[in-house]
Amino acid sequence: MKSIVVIRREGKVLHDQAQWLNIEDVNFSEPEKIRGEIRTVLHTDNGEFVYCTTNDQIVELLSKESGFLITDRGRMANLKKEIVIDYEARKIFYQRYKSFVTIANSKLKLLKQYMHRHKK
């Protein structure tokens, strides 16, 4: 079962919180001009949804999934992957991709608590 990230629409109001929508629940879609841009409106038996394109909403939704943690503004890390954490430099390194994600000072304690609970 595949899902996409959407935001609920009620009338002309778009909600702020992203959610998962099972693609099998989509009855039909149609383009509509919303806030000055053409967006795809998905119609289901449970209401209308618009494909989510806002980074903050997507990050917030994914951070609720097991293993994901918001590490910095607009940044998120999957802590289930093969990682090395440099707490001094405030970076999580992904060895496989030779890249990293930054960690905000305010997230260090939360990250340490998570890693202690889920020792790798």
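The values are calculated or read from the model by the stated rules, or taken from the named source; none is laboratory data. From a predicted model like this one, the values you see are computed outputs, not experimental measurements. Quick reminder, even Gly has a Cβ in these numbers, built from the backbone with ideal geometry, and neighbours come from all protein chains shown. Ligands, DNA and RNA are excluded from the accessible area calculation, which covers all protein heavy atoms including side chains. Shrake-Rupley method; radii C 1.70, N 1.55, O 1.52, S 1.80 Å.
Within segment 8-25, the set of residues being of a type in the set (A, V, I, L, M, F, W, C), at pLDDT below 95 and surrounded by 10 or more Cβ atoms within 10 Å (Cβ to Cβ) comprises LEU14, ALA18, TRP20, ILE23. Within segment 59-88, being open to solvent by 50 Å² or more (accessible area, probe 1.4 Å) and in a loop (DSSP other than H, G, I, E, B) holds for LYS64, GLU65, SER66, ARG73, LYS80, LYS81, GLU82, TYR87, GLU88. With respect to the conditions (1) in contact with a Ser or Thr (Cβ under 9 Å, 6 or more places away or on another chain); (2) closer than 20 Å to ILE7 by Cβ; (3) of a type outside the set (Asp, Glu), ILE92 falls short on a single one, namely (2). Of everything listed in (1) within 24 Å of LYS109 (Cβ to Cβ); (2) free of Cβ contacts under 8 Å to residues at least 40 places away in the same chain, the single unmet condition for LEU69 is (2). Sort out which residues of segment 38-57 are buried (at least 16 other Cβ atoms within 10 Å of the Cβ) and touching a residue at least 40 places away in the same chain (Cβ under 8 Å), and write them in order of number. Hits for segment 38-57 are GLU48, PHE49, VAL50, CYS52, GLN57.
Exactly one residue out of LYS98, LYS109 is modelled with pLDDT under 85 and open to solvent by 80 Å² or more (accessible area, probe 1.4 Å), and it is LYS98. With the requirement that a residue be of a type in the set (Phe, Trp, Tyr) and either assigned to a helix (DSSP H, G or I) or in contact with a Leu (Cβ under 7 Å, 6 or more places away or on another chain) (or both), what does segment 1-50 give you? Result: PHE49, single match.
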